[in-house]
Structure formats: C-alpha cells, structure tokens
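Comments concern the structure below.
The values are calculated or read from the model by the stated rules, or taken from the named source; none is laboratory data. Remember, it's a predicted structure, so these values are computed and weren't measured experimentally. Neighbour counts run over all protein chains shown; Cβ positions are idealised from the backbone, glycine included. Note: areas computed on protein heavy atoms with side chains; ligands, DNA, RNA excluded. Shrake-Rupley method; radii C 1.70, N 1.55, O 1.52, S 1.80 Å.
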Amino acid sequence: MAALGFLCATAVGVVAIAAGLAGVFGRAWTLSVPWLVPLGGLELALDPLGGFFLALVGVATIPASIYAIGYAGGERRGVLAYVGFVLAMCVVPLAANLMSFAIAWELMSLACYFLVLHDPREPGAVRAAWVYAVMTHAGLVCLLAGMLLLGAATGSWRFADWHAAAPGLTALRRDAVFVLLAAGFLGKAGVIPLHVWLPLAHPAAPSHVSALMSGVMIKLGVYGLLRAGFDWLGAGPVWWGVAVLLLGATSSVIGVLYALVDHDLKRLLAFHSIENIGIILIGVGAAMIYRPAGLEALALLALAAGLYHTLNHAAFKALLFLGAGAVVHGTGTRNMEELGGLIKRMPWTAACFLAGSAAIAALPPFNGFVSEWLTFMALLQNTRLAEPALNLVFALGIAGLALTSGLAMACFVKAFGISFLALPRSEAAARAHEAPSSMRAAMVALAVLCLGLGLAPTLVVPVLLGVARGLTGATAPVEVVDGLTLSVSGDFGSLSTLVLAVALAGGLMLPLVALRLAGASRRVRRAETWGCGRVLQTSRMEYTATAFSNPFKRVFDFFYRPAKRLAIEFHPESRLFVERIEYENPTRSIFEDWLYRPVLGTLSAVARRARAIQSGSTNVYLAYILAMLLVLLVLA
Amino acid sequence: MIAGLATALAQVLVVGLGAPLLVGVLRTLKARLVGRRGPAPWQPYADLRKLLVKDAVVSTTTSWIFRVTPYVLVATMLVAAVIVPVLASRTGLPFAGIILLMYLFMLGTFFLALAGLDSGSAFGGMGSSRGVAVAALAEPTVILAVFALALRAETTNLGGIVERFASEPRLALDPAHLLAFAAFFIVMLAETGRLPVDNPATHLELTMIHGAMVLEYSGRHLALVEWAAAMKLFVFLALLANLFFPWGVSSLVEPVPVLLGLLALAGKLAVLTAALAVLETLMAKLRLFRVPELLAGSFALALLSVTAVFLVR
C-alpha cells in the first residue's frame, strides 16, 4: 500500500523530468482554468526556467522514492504527505499567476510540515516542526506582501504582465518589492540569517524526505529569487546583486563552519545545504551585478554556473542524505561519535557516500568541482567592471568561495573518515548491516549521476546557457572545443574533466607498472596498528569527531564562542583516583543569541503589555469593536 | 600532438626523477648550514629503493582507502607535472588552469587525510585534523594570489600566464607581483609541509602533520607517499619559479628550447632551494595555533596584491 504511494511518486518524477526537459528545450505550454479559484483562477505555464526546476524535482524524486520503498516501505504514515509534497513541488515552478503560486507554495510547506513531524515522539521533532512552521509562514507573509504590492502597482495577478509592466515602476517600489520577495524566497532557501529552521527540520524528517527538502525544496527558493530578480522585476540596480553575492558568501562560509563542529550526520549535511545555497547565490549575485553594467555575457556565465551548482547540489546532497539514511537504517544512530568502521560492513553505502563527499568537496573530476570552477571563471573576470568598490566585493566572494571549498573538504574528511573508517566506536556500529537493494540502487544511481555530471560538462553547460539566456539574453562566453573541452572567454580558462579523468586513471596505473618493473616487493603483511607499545588496539584510541574539529574551533573561536565544561568525579577516598570525567565543548550560535532571542524577547514583552487590555469581560470587548468600527468609518 | 606528448612525458620524467634530488639537495644544504656534513644529495633515491624492496605492512584495521591512497597521491602529482609549465609553457593537456591544479592538490590532501584516519590510531587522526586545517586555511590565499596573477595576465591558464609575463617583463616588476609572490611562497611552505608550519625532519607528535598522517605506511606504500610529497615540493617550487619569473620557459615544444628551459629551471630551482634551506635553518617551528596567524598574514598580502591591481591600473 505504502509502496504503491512511493511508486506513484516515482512516476510523478519521471513525468516531471520529461515535461521539464521539454520546457528546457523550448517547448512552451500553458493551462488556464479561470473559474477554479478567485483572483485570476488557476494558471500554469512551462518555460525554460520553470522546466529546469521541474526536471530538478524529478531528478531527486525518482531515486528518493525508490529508496523509500526499502527504507519506509511498510510504513503508511506520511505517504500521502510525501506524494502531496512531490506534486506541490512540481506545480511551484509551473505557476503563472499569484493565486496558483501561493496555493502550490503553501501546500508544499504544509506537506513538508507534516513530514518533519513524521515521528512526534522523536526528541526535537515537535520543536523542529514548530520552528519550521513559524519561519515558513513569516516567509509567506513577506512573499504575499511583495506580490500584492507588485500586483497592485501593475494591476494584474499574472506573472507575464508583471514582467511587461516592471520597467514602469518607481525605483522605491521596485526595491521594496524585491526586498520583500527576496526575504521570503531566501528564507525558504535557508540563507543565513534566515536558516534557523533548516538544521532542525532536515534531521527530523525521514531521510528520503530530507533528500528532497535539501535537494529540491530549498532550491525552489532560488527559483523564486531568479523569477523575482530577473523576470518579474527586470534588471535591477547593482546593489541587489551586491547584497545577494555578499549574503551568498556569508552563508557559504558560516554554513560550512557550523557543519564542521556538528557531529550529527544529518545536521551536518543540513548545514552544508546552507553552504551550497550560498555558493549558488554567489553565482546568481555575480550575474545580478554584471547585468546592469551591460556585461551580459558574463552575467550569462555566472547564472549558468549557479544553475549548474543547483543541479549538482540536488544530485550529491540527495545522495549524501540517502547515504546518511542508510547509516541510520543500519546502525540506528546519527551520532558520528558512535559510528566508525562502517566501510567493512556497509561497503556499498560507504562507496556511494565517498562519491558524494568527493562531489560536495569539489574534488575533480566530480560534478561539484565543475560548477565551482565555472563560478570562479565568472567571478575572476570582474576586472571588466573597472569600479574598485565592486571589484573588492568580487574579491571577497572569491576568497569566501575558496575558503568554503577548503573547509568543505575538511568537513567531509571528518564526516566520511569518522563515520566509515577505522574501528567501530559502539556496539551499534559493530553490528551494522548493509542497506536493502532498493536503497542501494538509488544511491548507486545518484553516485553515477554525480560522476556523469562531472565528466560531461560539455553536454550540460550549453543546455544551462539556454535556460539562463531566457533571463539575461546574450551570447555565451563559453565555447565547446572539439567536444571535450570547455573554453571560457577565449583563452581565459579551459577545462576538460574527461581528459583529466583519463589522465588520473593513467597516473593510477603508471606506478603499478613502474613498481613491477622496478622489482618492488609485492608482498603485504597484515598487522595491528602500532599502538605506541600497547598490545591491544581499541576504538578508544581513535581520534573523535570532536577532536578532529578542534583546530577549527580554536582558529574561529571568535565565531564559535566555545564554552568548555569539565566535570571530574573523584574517588571518595582519594583525589588521585578519578572515577569519571565528563568533558563538553559546546558552541553557541551568534544568530540565536544576537538576532532571534532579542526579537522573540521583544515580541513576548509587547504581548505581555497587550494583555492589559484583555479583561475577559464581553462588554469591554464589544466596546473595543464599536470603537474600531467608528475609527474605520471616520478614516474611510 | 606528438611534440605535446613528448613534452608532457619529459615533464613527468623531470618532476618524477628530479623531485628526490631536490629533497636531497635541500637536506644536504641544511646540514652544511648548521655545520654538519649530512648525507649525499642522492640519498633519497637510496631510501626509496630500500623502501621498495621491503614488504608493506598494512594494519588489519584499515580498508581499501588506505591501500589506494599512495596511488592516488602519485596520480595527482603526475597529472600536476603534466599541467604545470615546467619546461615549456604549453604542455600535453589542452587545458591547464591553475584552479584545477589547486583542486587537484586538494584531492590528494583529501585522500591522505582519510588514510590517516583509517588506521585508527590517535596519531593518524591528529595529523589528518591538522593537515586539513592547514590546507583549508591556505586555500583562499592560493586562489587570491592566483587571482592577482590572472588579473594582469588576463587568463587563468598557466601557459597563458607564463607567456604573458615572459613577453612583457615590466608586468613582473609590479608591486602586486611581489606581494603575490610573497603570499604564494608562504602558502607553499604550508602546502608542502615545510618549516615553520610542519617539520619534515622529525616524527615527534608535537610537531608533525604530514609525518603523523603517513605514520602507518611502510614498504612500497611509504615509498610512493614520500615520492609524491617530494614531487609536490618540486611542482610548487617550479610554479613559483616559472609563474613569477617566467624567463627561459620555452613557448615552443622543440628539443633545443626545451633543453634550455630545463637549464633555466635548474638555475631558478637552485636559488629557491638555497633560499628555502636558509629560511629553514634560521626559523623555528611555529606552534600549531600560531600557524593560522601566518596564513592570515599571507592572505592579507594576497588581498593587498589584488587591491593593488584594482587601484593601480
């Protein structure tokens, strides 16, 4: 029964990919049912940008749903919400007027809420769902306010009319609308400082849902930003792009910094989603800066880089979440300090997780590297702007992106190394079992996709340039030379991951042959790891995740503000004998302390004050209503 | 095509065979500077041969990651040897971007750090943790220093940068150039595990990063790891020599200019090696948590270099 639901979702995914690709390649399609809902009725339209995001939904949905058959096949709870979630996500990029969009958006959020609340007994799930609901509705308020402002100014609820009427708006109104829409969409995308719901909600949901939330749902926030910033409002002033680029750089660095000190496997991945959204926004922001300056070719390149990273992140983050789900399935824990040694008991999962780690750490020849390389190519050409202030913004973006990829590499050494390598740190990890075949198939398919997207940028980039061209309109600065090499702006940069992969494979083979020719010993002896003279090796000698991330904690202590807690219990007879040592080194969130707590504190203080007028007497309430009516009548 | 392949092969041979000699010369020089006689410069070859004939001892704790890593390290360095303009500016591969090169090094670091964790000993984990911390903090400096170069050469292709600076020598006298060189030099020390960041001569747990990660390796595996480390030093020094002082690098792939390129490279490497030896003799190892300050300093230099390019044009 439940498996049937997941099969339906798979079918929806297949249709979404087919329809989405048709849209990407220029097939337009509209559907209008004016009587169905008020304010213009239901209206759907397919264009290249919508098609791209529709296909993206399919790319993540198919493996996630197949995986779910093995992961949650017998569980009926949440299947309806899951299918509804997938359908709503398919409708969002198709919506062509305010009402259709708002309904699809809200259905998506609601279905996601129920999926986060999948297991209310799990610690933290209720709070996660609550924070998610508050943040998503705060975002919705911003979105609706922005859209209503835009609708009132242009006199239409259809998106196509907004695009036509946008140049006639006053600058102030355009800025106001952009800020409201950006706040709503970026909150959904999980950009810092609107990210608080994300690391709570992703781990609470089942893993196939986390994969979709991270792989697709937060990307629909990016979709909205692209729609608002390029389509509905036309080309905006430079400061929009500067703001988006700086937000992106901040999100990417801070996201990965949080991930480094988190030892819950799924929370770590959730923080990396914040990071990757940041990388996408660096590309989008660069495009928004280039465009008003008239450098449309560079804007196109930056936008295509952002779209490529969107696609790549959907592939590798879905893969990593499914891998984390397999770990939870096999061991029953998400805490990295209790894992270890899984590579021997779960070889398939380990290999797939390694592929995903290499992809997210931007290691060549995997897909993450290609999109980061394209982003660098777009950023590095900013000298054509000839405006030192903007050039410095770009320099910060470049440094931020470089720092992010370095830290991401470090973080995935931790995530993979501590979870999968060396000796198991707990009974649960020692008795882990490999995931069933449907889960393995989904992970292998995504791992192959990650490698494929990395090896074949010459096939992907022209398609993405086609999608981006609909938003900026220019000739692309990218050429495909002899079918293998991407060449950017003439001789500025070139890359061929396929040739690189062949060269790397050759480099792997060469020492094998050379060692044979050099007469090297081919014998391998097995022995215990050297334990400084100790006879027995146990998992207690291993480096822990906490220890691994400690250098980062110390280097960035101004950001983490770590608080050390040490509790030692001595033997009652003598302080020379220690019975128990408890050591904790937690970090504090700047955003919760300095942003959310003051805001929430103010809100509840205002609410306490307002309680004074709440007497409980019906007569007084009637008097309030009368007074309000009078005021309204006078004002009208 | 054939000339390109021949150059690529020549570069691989020069880097692969020259790297142990470079390390040997560096050790001899350091020994002489402190008044010891030291081993002969070709001692590393003998060390490698000795390691190759020994059996490899592999811990029962480890997985395939541990056994694959030495090969991955060598593979990344061999590809790097093809990409970097060592003898000629345009080499075997049709693309040779500096960003690709940096990420290729990162691929090696990633696997080396995993292998360090794989043995399950505290030393390996400690080395991995420190190693990735240094690599991650060095990354922005590298990219910014590269950016400063790419800005003025208007390309990120290594061959293009070399040709541009070779054809317009006055570009190389710019303050931005010298700042970028200083930044890149400091990063080179961090990336290749030299003093004052890491101590290549000891196996003491207080000082070591690279040494800790590879502690479990033996026999031919250790030989490959050490060879790859030597090649990394060679490639970085060749980058410093040819990117910032591109004189003598051949733009043609013909025997005579390439041979001249080899001579020029030998001269430049001799100067850089001597400088490195003097520096390592004069300097003490920094405390681990002072290293980020050093890297921040080099980051500031790189940022200044980029700013100088923007403002002085």
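Within segment A:42-58, one or more residues are in a loop (DSSP other than H, G, I, E, B) and more than 19 Å from the chain's Cα centre (by Cα).
May I ask you to say which residue of A:379, A:374, A:403 is touching a Pro at 6+ places or on another chain (Cβ under 9 Å), farther than 21 Å from residue A:354 by Cα and open to solvent by less than 10 Å² (accessible area, probe 1.4 Å)? Sole residue among the options that is touching a Pro at 6+ places or on another chain (Cβ under 9 Å), farther than 21 Å from residue A:354 by Cα and open to solvent by less than 10 Å² (accessible area, probe 1.4 Å): A:374.
Among the residues making up segment B:25-69, those that are without any contact (Cβ under 8 Å) to a residue 60 or more places away in the chain and not in a helix (DSSP H, G or I) are B:35, B:36, B:37, B:38, B:39, B:40, B:41, B:42, B:60, B:61, B:63.
Quick grid of which residues meet (1) closer than 21 Å to residue B:104 by Cβ; (2) among the hydroxyl-bearing types (Ser, Thr, Tyr); (3) away from chain A (no Cβ under 12 Å); (4) without any contact (Cβ under 8 Å) to a residue 60 or more places away in the chain:
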{"site": "B:134", "(1), (2), (3), (4)": "yes, no, no, no"}
{"site": "B:156", "(1), (2), (3), (4)": "yes, yes, no, yes"}
{"site": "B:168", "(1), (2), (3), (4)": "no, no, yes, yes"}
{"site": "B:174", "(1), (2), (3), (4)": "no, no, yes, no"}
{"site": "B:198", "(1), (2), (3), (4)": "yes, no, yes, no"}
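Just so you know, in segment A:485-512 the residues that are facing chain B (nearest Cβ under 8 Å) and assigned to a loop (DSSP other than H, G, I, E, B) include one that is nearest to residue A:375 (Cα to Cα), and it is A:492. Restricting attention to segment B:1-24, the residues that are over 15 Å from residue B:201 (Cβ atoms) and surrounded by 15 or more Cβ atoms within 10 Å (Cβ to Cβ) total 16. Across segment A:513-546, the number of residues qualifying as assigned to a helix (DSSP H, G or I), at the interface with another protein chain (Cβ under 7 Å from one of its Cβ atoms) and either open to solvent by 60 Å² or more (accessible area, probe 1.4 Å) or at pLDDT 85 or above (or both) comes to 1.
Residues in segment A:547-585 that are away from chain B (no Cβ under 12 Å), open to solvent by less than 80 Å² (accessible area, probe 1.4 Å) and within 30 Å of residue A:254 (Cβ to Cβ): A:559, A:560, A:561, A:562, A:563, A:585.
Table: residues versus (1) of a type in the set (Phe, Trp, Tyr); (2) open to solvent by less than 10 Å² (accessible area, probe 1.4 Å); (3) modelled with pLDDT of 95 or more; (4) touching a Ser or Thr at 6+ places or on another chain (Cβ under 7 Å).
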position: A:174; (1), (2), (3), (4): no, no, no, no
position: A:177; (1), (2), (3), (4): no, yes, no, no
position: A:191; (1), (2), (3), (4): no, yes, no, yes
position: A:200; (1), (2), (3), (4): no, no, no, no
position: A:211; (1), (2), (3), (4): no, yes, no, no
position: A:231; (1), (2), (3), (4): no, no, no, no
position: A:234; (1), (2), (3), (4): no, no, no, no
position: A:241; (1), (2), (3), (4): no, yes, no, no
position: A:259; (1), (2), (3), (4): no, yes, no, no
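Considering only residues that are surrounded by 21 or more Cβ atoms within 10 Å (Cβ to Cβ), hydrophobic (A, V, I, L, M, F, W, C) and modelled with pLDDT under 80, which ones fall in segment B:228-257? If the condition is that a residue be surrounded by 21 or more Cβ atoms within 10 Å (Cβ to Cβ), hydrophobic (A, V, I, L, M, F, W, C) and modelled with pLDDT under 80, then B:249, B:253 are the ones that fit. For segment B:126-228, the helices (runs of 4 or more DSSP H) that sit wholly inside it and include 3 or more residues that are under 29 Å from residue A:401 (Cβ atoms) are B:158-167, B:175-191.
Of the helices (runs of 4 or more DSSP H) lying entirely inside segment A:65-162, the ones with 2 or more residues being in contact with a helix residue (DSSP H, G or I) (Cβ under 9 Å, 6 or more places away or on another chain), of a type in the set (Phe, Trp, Tyr) and open to solvent by less than 40 Å² (accessible area, probe 1.4 Å) are found at A:79-91, A:98-116.
One residue stands out in segment B:103-126 among those that are at pLDDT 90 or above, open to solvent by less than 10 Å² (accessible area, probe 1.4 Å) and more than 7 Å from every other protein chain (Cβ to nearest Cβ): the one that is farthest from residue B:81 (Cα to Cα), namely B:116. Among the residues here, residue A:445 qualifies as part of a helix (DSSP H, G or I) and out of contact with any Gly (no Cβ under 9 Å at 6 or more places or on another chain).
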